[in-house]
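This report concerns only the one structure given below.
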Amino acid sequence: MTLAVRDLAVQFGGVAALGGVSFEVRPGTITSVIGPNGSGKTTAFNAITGYLRPTRGAITYDGASLAGLRPSAIARRGVVRTFQKTSVFPTLSVADNVMIGLHLSGTAGVVAVLLGRRRLGEEERRLAAEADALVELVGLGHRRGEVASGLPYGEQRLVELAVALAARPRLLLLDEPGAGMTGAEKATVSALIRTIRGRGITVLLVEHDMRMVMGISDTVVVLHHGRVIAEGPPAAIQAHPEVIRAYLGATGERA
Amino acid sequence: MTKRWAVPATLVAAALLAASALVEAQAPVKIGVIQPLSGPVAASGNYVRMGAEIARDWINARGGVNGRKLELVIEDNKSDPKEAASAAEKLIVRDKVPAIMGAWGSSMTLAAMPKLEEYGVPMVVETSSAASVTRRGNPWIFRISPPSEMEALGLERHLDKLGVKRADFLAVNTDWGRGAVGAFGDMLKKRGAAVGAAEFMDQAATDMNAQITKIKATGGDTLFLTTAVEQITLVLKQSQEQRLGRKIVTTGGSSSPTQLIKQAGAAAEGSYHIVFFMPWFPEAMPDGRLAKAFVDEWGKRGHPFEGLTEGFRGHDGIATIAEAVRVAGKDEPKAIREALWKVSLMGVNGPIKFEKDGPAGKESGQSKPSIFVVQVKNGKVALPW
Amino acid sequence: MNGLVLGGTYALLGIGLTLIFGLMNVVNFAHGEFYTLGAYAAFATLAGLGGGFVAAVLGAIVCGALLGGLTERVLLRPLRGESIDTTMLVMIGVWIAMQNAELLVWGGVAKSIPHPFPTEPLVLGPVAIAPLRLFVMALAAGLIAASYLLIHRTKLGRAMRATFQDAETAALMGVKIARIHTVTFAFGSGLAAAAGALLGPVFLAYPSMGDLAALKAFSVVILGGLGNLPGATLGGLLLGIAEELGAGYVSSGYRDAVGFVIIIVVLLFRPSGLFARQERIG
Amino acid sequence: MSAPDGPALLTLEDVHAAYGPVAALAGLDLAVRPGELVCLIGANGAGKSSTLRAISGLLRAGRGRIVFDGREIGGLEPAEILRAGIAHCPEGRRVFPHLTVDENLAMGAYVRRDRRAVTDDLERVCEHFPILAERRRQMAGTLSGGEQQMLAIARALMARPRLMLFDEPSLGLAPTVVETTFGIIADIRRRGTTVLMVEQNAYLALRMADRGYVMETGRIVLEGPAAELLANDHVRRAYLGG
Amino acid sequence: MTRAARVLGALLALTLPFWLQNPYYLHVVIMAGIFGVLSLSLNLLLGYTGQLSLGHAAFFGIGAYTSALLTLSLAWPVWPAMLAAVALTALSGWIIGRLALKLRGAYFVLVTISFAGVVSLVSVNWMELTNGPLGLPGVPAPALGPWSLRTKTAYYYLVLAAVALSYLVCARLVNSRIGRAFLALRENEPLAESVGVDVTHYLVLAAVVSAGLAGLGGSLYAHYTRFVSPEVFLFTYTVTMVIMVVAGGKGTLAGPLVGALLFTALPEALRLATSWQWQMLAYGVLLLLLVYFLPRGIVPALRGLRGRRAS
């Protein structure tokens, strides 16, 4: 078991954003979390990656609890995320964005940096090469030197993906990677996600585009009003009566 | 250049040289002035500047020094020691002044002093009261203002008339305030009076009620107050509000009782003030005619009357330097320094003559100024006894 | 008792600053200068024009508000969207320029502002207080109350609060955000000027008087929480009293340290201010 | 329900808009006729909200024309657009949390000068939304999500708009509340106010709308009568989970 | 900058005392150098991590006092005193960093202001240690073996070396993985955390280095003016540093140096250009104009200009 979420609950003020959610992510799979806007998907992501403290519940990764860890510590354990709203280092170039993503791959400490040790240069060259490879992987080779905030929306999302990949995740949490993309771009991203899984990285995905979700997921978890209402392979989910009701709405059901 | 032109060219060059030498002789004698013209103590600095300008104009009206006009190069030290040092550097190096007057506060004077030594330019100190100014072994320093000890000694002969049994201190938390508390405390102890509380206040503080409350609790009879006139006003007002009921004696000579009467009103009634100039009774000054003329000129220029107790120092400082230049016969720093040891003149305050102070071989000059006490009676400044 | 007099004016300063700071995210270093301006305006009214004390305070408010509004309109509006450091630098420039302009106009000599009250203190049981201070306290209280009414009972105040809470939605309601910014800045500056006009006669007016006042205002804002009016009011009173006690019981030299220590302690242990509601996380 | 004919009340022609260098709208064409209920569907990030923001003046259109009731409104301030008759009920309700319900409603009428009529409207709105009438002095932030949605709609109505823009009115609401909300929107439209609605619950939205537009990356990719879109295969697969 | 320009600049810096015959100008340049160190230090926090410290005068002052007290009271030689000043300020940077860097934006600004305020009041009131408002006169000048570095020219080279060292420290940090972490925190803190950048560690690191450099600046100042008084804690020093960094161009390596040179020279130039009444007023107005027309600073504006010309 890679990631296990047990009875996860998050409250904002008096409002329950998550009301006791449990699900698991098996290694080497693509698992999708779906649900209408406001159903608690992003909240779950934030809780798993240490950006907010759950009211109750347990989150374990590789058998060890992630509770109370800072996001950077969680990243160091191989759990890396992207954000729902496009999130890049805006005034830096694409290549520099990815270089920052490679932070954990670097080893240079203060002393080494200040003394200007020779092996630093080698490390920098290695990291730069790695960054280049990642930029190529997401198909932004031609944008390498451009400032991230100047890129079109879809390409910014690709930068984000490259940054996350640079952190060498073993579990990658993607928050709506296809949002704001054209059909063609979405297809590219879907293919990319498959490639990523092919490299042995487990993927947990939040996505709205059903075609995309159903096309690439091994398992789908459906959240509705802060609870899991269904979990299973895509085909089963599409046929699940409660899911249909949640998606089409009560009115639709009655009509 | 062909040979044919050589002679006339030489002639022209010689003529030019001669002309420039003539102009050189007519060039004014520059004196640097460093004062706090902006910042918290700007008012005092500006009064000193006004006094200095009067001295300059008088001297120039009499034909200048050694036939040359006097020119003041005035710099603002922004009430900041760093700026005082910068200003000294600029005056010496860029403007090439052979002597300086400055720099009001002791911390500013102390900060400028290394520059004097570095370049060898004398400075007449007109206001600073810290003992260390003349004790540091800086042979370029000549002070006409009294250090706090001298001021305390000046008061000593009036002590019985004042009737001090038990005194408290309230002083601004600067070198000046701290120094005054020490000097007057020592003098009082020597004379057998008890010393109670010594309270300090920040330069920018406006509310001294807490200090006054503490002082009220000591049960003394006299409060020695050392700070700028603005704060004295506040302390007087707040003491009255708290019904402190003490004899209040201000030290330092910056108190300007006229301004206090204007600003503190009844709260100033009965207070004593140590001053170095009594513009209310110029005839009572050592040189009554000079003092009267200075007061008149000050008024004619529309300067505020209350500035006179500060402004006279500007006059005396410039007059001293001008006299030294006259004695030296040239405006060259070293010569002026030597001449400063020889000058003896009458200033608005009284006779000015320097005696040696500080470590042997590197003495600074210290003149012994006249010290007076006045009292506010019936809303007017009066001689107390 | 003195703590209350000071506290009342601190509160005025704090309310003005908290509005500007909270709404526009401008670290207003020139806030103290509007305080100074108020004191000089009061001086001009009382000594020059021979007006009454109330007229002087009103005059100060008008001066402060006009110049504040102008500052915002001319200097800050074109820089909207620039980083907080840039606007801060602008306000530093305004601070330096205003202070030295005041020096130029009024000279460095501190001005005592005449006032029509007797200097003999009123004795009420164990408490002795000068009538002026009593009047200042009452006027400060009145101005604080008036600010509350303006903010809570008028259409303009409602729009200001709405903008403060959610500028974009306020714009959707037809509120002209830029105008609200100008008005807020003018209002805040007016209050600072009022504080100056009130404390000026108690103390003195001189060009650098605003520096300390600005610092106090910042302490008050932190104490009360950003953009929190009741917080600023209570914070002002509390700071006034704490200073009085601190100076009385600890050491007068460390009087002004009270404000600093309060800021540090409050920020380290309760960053949203003493009176702020717990903010929603995330 | 059939769409009334006649000249369009609102037209967008080739509208482009961007946040900084990032394009949000890339040549959008759209029209709403008087009395219609039009819905705009599409994935997150497709530019639906940006469309509404461009109409209400929050987002300045860089190119193209936005015409309302025969008058070019592109480039006008939000206040002027509101005065022209377009109210925008924003995504996530966005009530002013520390203003009372009454004050929130008053903010809705901010641009109106006719004080007496505003007071009347306030009473009428409260009659219409009895939940709000009970909580008029309460801070809006203390209301439940559904109550806040009612408040947001009521607040927009206070401007007496001729066209109302709704951005994701069902977002984060319980199913029964969604039902009520949509009932209210239908009611508003029945009373003669034209409606343009952005909604992620495409099924619900298309069921009550006259016509629909499907957006992708800043432009319209599909449009037609709502019933047709509901039956469209592409739409079903992308947005209806079928 | 092209290589040729750089070499030329370095040559100019190295030979400057031979060009500047007038020691007053050299004095201005030395002060600019000291403020250059201070601005580089502040820029590390403000420009690279995006944290505005308005308590930088405290580090400057602590550095100056440490150096002065060690040489005067304990008769330490100057060089170890300088090192101790750097170490002590770095330590205080660490403490402030640990305590205050969980705060952001305006709150962090206010804590740093307050910290400087408290330290300043301590320097005035703790008479036994600091000699209070009287200050500490007679701070010795450094010596190199038998040679005292009292002369302006000698001190100029010392300051030049310090500027070069500070520049090197900043440049190396900024162009490394550590500098990228600083930038990441400035640009997008949540994203930085998500790829494993430890916020506290890097912010505290920046604070420590920044404070240490400010301490170096303070120490240089003390041994140059040879007089230290509580005025070193004046808020105006911090304001000056901020002006230099922001006007020069925060987040660039050259910006703070350009700012330091310009804003040390400006008041002196105004001294020459106009009478004292107008100097500070003109200073304020010029600052306003600069920010108004170049809100991002001089160096970025120049870069933009060159970029536009190139394209």
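About its Cα centre, how strong a charge dipole does the protein assembly as shown have in debye, to the nearest 20, once Lys and Arg get +1 and Asp and Glu get -1 at the Cβ? Show your work: numbers first, answer last.
Working: 140 positive and 112 negative charges, 306 e Å.
Computed about the Cα centre, the dipole is about 1480 debye.
With the contact rule set at Cα under 8 Å and sequence spacing of 6 or more, what percent relative contact order holds for the range E:118-193?
10 percent
Considering every residue in E:281-289, what mean count of other chain Cβ atoms within 10 Å of its Cβ is obtained?
Across E:281-289, the average partner-chain Cβ count within 10 Å equals 6.
Return one number: the angle in degrees, 0 to 90 and rounded to the nearest 10, between the long axis of the Cα atoms of helix C:209-224 and the longest principal axis of the Cα atoms of chain C.
With both axes taken from Cα atoms, the answer is about 60 degrees.
With N denoting the number of residues in chain D, provide Rg(C-alpha) divided by 2.2 N^0.38 Å, to two decimal places. Don't skip to the answer; put the middle values down first.
Working: Rg = 17.3 Å, N = 242, 2.2 N^0.38 = 17.7 Å.
This ratio for chain D stands at 0.98.
Gap in Å between the Cα centre of the range B:61-84 and the Cα centre of the range B:101-129?
14 Å
Springs between alpha-carbon pairs under 10 angstrom, Gaussian network model over chain E: which of E:143, E:265, E:87 fluctuates most?
Ranking E:143, E:265, E:87 by mean-square fluctuation puts E:143 first.
Say we join alpha carbon atoms closer than 10 Å with springs in a Gaussian network model of chain A; which of A:18, A:104, A:204 then has the biggest fluctuation?
A:104
Can you tell me what the convex hull of the Cα atoms of the range B:229-385 projects to on average, as an area in nm²?
Value for the range B:229-385: 11.3 nm².
Take the alpha carbon atoms of the range D:147-199, find their center, do the same for the range E:36-97, and report the distance between the two centers in whole angstrom.
Answer, in whole Å: 60.
Taking only complete DSSP H runs, can you tell me which helices of chain E stretch 20 Å or more along their own long axis by Cα positions and average at least -1.0 on the Kyte-Doolittle scale?
Numbers: long enough: E:3-19 (23 Å, 1.21); E:23-43 (29 Å, 1.43); E:56-72 (24 Å, 1.25); E:78-100 (32 Å, 1.53); E:105-125 (31 Å, 1.80); E:152-174 (32 Å, 1.40); E:199-225 (39 Å, 1.11); E:254-273 (27 Å, 1.31); E:276-293 (26 Å, 1.44).
Qualifying helices, which must be both long enough and hydrophobic enough, are E:3-19, E:23-43, E:56-72, E:78-100, E:105-125, E:152-174, E:199-225, E:254-273, E:276-293.
Quick one: compute a quarter of the convex hull surface over the Cα atoms of chain B and quote it in nm².
That works out to 21.3 nm², a quarter of the Cα hull's surface.
Any chance you could check the Cα centroid distance between the range B:305-359 and the range C:170-240 for me, in angstrom?
Computed from Cα coordinates, the inter-centre distance equals 50 Å.
Could the peptides A:39-46, C:153-160 be put in order, highest first, of the mean number of other beta-carbon atoms found within 10 Å of their residues?
Per-residue Cβ counts within 10 Å, averaged per peptide and sorted highest first, yield A:39-46, C:153-160.
Taking 4 °C and 1.567 mPa s as the conditions, I'd like the Stokes-Einstein D for the range C:2-207 in µm²/s, using the Kirkwood hydrodynamic radius from alpha carbon pairs.
Answer, rounded: 74 µm²/s.
For residue C:111, give me every one of the lysines with a C-alpha distance below 21 angstrom, ignoring sequence neighbours fewer than eight places off in its own chain.
Residue C:111 reaches B:78, B:237, B:262, B:380.
Could you give the alpha-carbon Rg of the range E:22-310 over 2.2 N^0.38 Å, rounded to two decimals?
0.99
May I ask what percent, to the nearest 5, of DSSP beta bridges between residues of the protein assembly as shown are antiparallel?
50 percent
If the range B:150-275 were replaced by its equivalent ellipsoid, with semi-axes equal to the square roots of 5 times the Cα gyration tensor eigenvalues, what would those be, largest first, whole Å?
Details: eigenvalues 79, 47, 43 Å².
Three semi-axes, in Å: 20, 15, 15.
Taking all pairs of different Cα atoms in chain A, averaging 1/r and flipping that mean, what Kirkwood radius in angstroms comes out?
The Cα-based Kirkwood calculation yields 19.2 Å.
At a temperature of 4 °C and a viscosity of 1.567 mPa s, determine how fast the range A:56-155 diffuses translationally according to Stokes-Einstein, using the Kirkwood radius over alpha-carbon pairs as Rh; express D in µm²/s, rounded to the nearest whole number.
Working: Rh = 15.9 Å.
Translational diffusion coefficient: 82 µm²/s.
Per residue of the range D:193-207, what does 6.51 cos²θ - 1.76 cosθ + 1.60 with θ = phi - 60° give for ³J(HN,Hα)? Whole Hz please, x for Gly and Pro, Karplus curve as stated.
Taking θ as phi minus 60°, the curve returns 8, 6, 10, 10, 10, 9, 8, 7, 7, 4, 4, 4, 5, 5, 5 Hz for the range D:193-207.
Checking the cross-link filter: which lysines have an alpha carbon closer than 27 Å to that of residue D:48, excluding same-chain neighbours under 8 positions apart?
Once the sequence-local lysines are set aside, what remains near residue D:48 is A:41, A:85, A:186, C:176.
Give, rounded to the nearest 20 debye, the magnitude of the charge dipole that chain B has about its Cα centre when Lys and Arg contribute +1 at Cβ and Asp and Glu contribute -1 at Cβ.
520 debye
Compute the angle between helix C:53-71 and the longest alpha-carbon principal axis of chain C, please, reported from 0 to 90 degrees and rounded to the nearest 10.
Helix C:53-71 sits roughly 30 degrees off the main axis of chain C.
State the Kirkwood hydrodynamic radius of the protein assembly as shown in Å, one decimal place, computed from all pairs of distinct Cα atoms.
By the Kirkwood definition, the hydrodynamic radius is 36.0 Å.
Report the residue, chosen from E:255, E:138, E:215, that carries the largest GNM mean-square fluctuation when chain E is represented by alpha-carbon nodes joined by springs under 10 Å.
It is E:138.
Quick note: the coordinates plus some simple rules give every number you see, no bench work behind them. What you are looking at is a predicted structure, and each value in this text was computed from that prediction instead of being measured. Every residue, glycine among them, receives a Cβ derived from its backbone with ideal geometry; neighbour counts consider all protein chains shown.
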